[in-house]
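Please treat every number below as a calculation from the coordinates, not as lab data. What you see is a predicted model; the values in this text were computed from it and never measured. Cβ: placed from backbone, ideal geometry, glycine included. Neighbour counts: every protein chain shown.
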Amino acid sequence: MSTPLDLPGWRHVYSGKVRDLYVPDPAANADRMLVVASDRVSAFDHVLEPGIPGKGELLTTLSLWWFDQLAGADGGRSIPNHLVADHELSADDTVRELIPAEVIGRAMLVRSLQMYPIECVVRGYLTGSGWAEYQVSGTVCGIALPAGLGDGDRLPEPLYTPAYKAPMGEHDENISYERTVALVGADAAAALRDASLEIYRRAAALAERHGLILADTKFEFGADGHGTLTLADEVLTSDSSRYWDAAAWAAGTTPAERMASFDKQIVRDWLAAHWDKEGTPPPLPPEIVERTAARYRELLERLTAA
Ligand code: ATP
Ligand code: MG
């Protein structure tokens with residue numbers, strides 16, 4: 001794992017697989033945090049070598065764009081998010097000025113929230129671990145589905161399939177809706193589910209207008225000081241979501257043709273073919289790194305094109 005940066009006015013407190021967190025130092029405005037996205041790439045819960053050049057900036061740009069859409073730019077109701085806005089700062093400050101020059105473009109100034117330990121996954125299409133489970137039991141995360149579905153098929157309804165966010169180094173674990181009630185209480189569990197499904201539907205509709213399928217995605221939420229459910233972390237990025245080309249999906253006949261992806265699938269597929277998931281993963285070859293970077297760039301271009 002890379003060493004944290006020495007950022008004047010900020011103290012490093014945590015490094016996840018992809019992001020590094022800093023808090024103000026000295027601890028004025030202690031409820032604020034700097035989330036810095038690195039170029040690190042992870043798959044199967046391992047951080048891989050080398051990173052994907054420009055990825056931290058692309059993920060941040062994409063998250064900021066989606067937060068803005070979900071705040072109402074897409075025409076829907078405003079979903080509270082963790083970004084600190086200029087108008088919340090004292091008169092002579094701006095968010096841009098508070099972000100150290102070294103990380104500008106790949107850092108977000110956010111409110112530090114009480115995070116729910118739930119990865120709020122929504123699936124509109126069947127693939128990945130969902131497809132693997134369905135082949136064995138006809139279910140996804142225990143939810144029964146109609147027979148006869150194939151890899152990459154659209155689900156009759158988007159499914160909310162939460163996972164327990166395991167502590168660093170452990171694998172996230174799919175859990176039932178009832179387990180989320182036991183973990184966070186009935187009201188919060190229902191609010192997390194309803195917000196996740198709402199955001200998925202809005203985002204999928206917007207992606208569709210840009211010729212993209214949002215196959216599945218994962219959200220993280222926290223509660224702010226008033227207990228308001230607040231969308232946090234990254235949102236609808238190519239790390240947290242599967243995006244496919246809609247035209248290729250409609251025309252394709254094989255799963256590979258249908259799921260022309262703009263996300264980490266390129267990395268997952270290469271790794272699955274070259275590593276038995278024991279010990280340290282092998283380094284990614286330059287052409288996989290470059291193809292992944294190019295697809296991440298293309299996703300941002302396509303989504304944000306007028
Ligand atoms: P892990 O934390 O298990 O390593 P990860 O690999 O997903 O998981 P990253 O995404 O790299 O971690 O790091 C981001 C971390 O910051 C996550 O633990 C996420 O829950 C947390 N986080 C994001 N937004 C906020 C926020 N507004 N307040 C508090 N924590 C946040
Ligand atoms: Mg994360």
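Data overview
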{"quantity": "Strands (runs of 3 or more DSSP E) lying entirely in segment 1-48 (those with 1 or more residues that are hydroxyl-bearing (Ser, Thr, Tyr))", "calculated": "10-15, 19-24, 41-43"}
{"quantity": "Any hit, segment 71-83, residues being in contact (Cβ under 8 Å) with a residue 60 or more places away in the chain and either β-branched (Val, Ile, Thr) or at positive phi (or both)", "calculated": "yes"}
{"quantity": "Close pairs (8 angstrom Cβ cut-off, 6 or more residues apart or separate chains): surrounded by fewer than 22 Cβ atoms within 10 Å (Cβ to Cβ) in segment 58-70, in a helix (DSSP H, G or I) anywhere", "calculated": "THR61/LEU300; TRP65/LEU300; TRP65/LEU303; TRP65/THR304; GLN69/ARG202; GLN69/ALA203; GLN69/LEU206"}
{"quantity": "Matching entry among LEU192, LEU155, LEU212, LEU197 (being surrounded by fewer than 18 Cβ atoms within 10 Å (Cβ to Cβ) and touching a Phe, Trp or Tyr at 6+ places or on another chain (Cβ under 7 Å))", "calculated": "LEU197"}
{"quantity": "Filter pass, VAL47 being among the β-branched types (Val, Ile, Thr) and within 13 Å of ligand 2 (Cβ to nearest atom)", "calculated": "yes"}
{"quantity": "Failed condition for ALA30, given (1) within 14 Å of ligand 1 (Cβ to nearest atom); (2) surrounded by 13 or more Cβ atoms within 10 Å (Cβ to Cβ); (3) more than 23 Å from the chain's Cα centre (by Cα)", "calculated": "(2)"}
{"quantity": "Members of segment 5-27 that are in contact (Cβ under 8 Å) with a residue 24 or more places away in the chain, farther than 21 Å from GLY225 by Cα and more than 7 Å from ligand 1 (Cβ to nearest atom)", "calculated": "LEU5, LEU7, PRO8, GLY9, TRP10"}
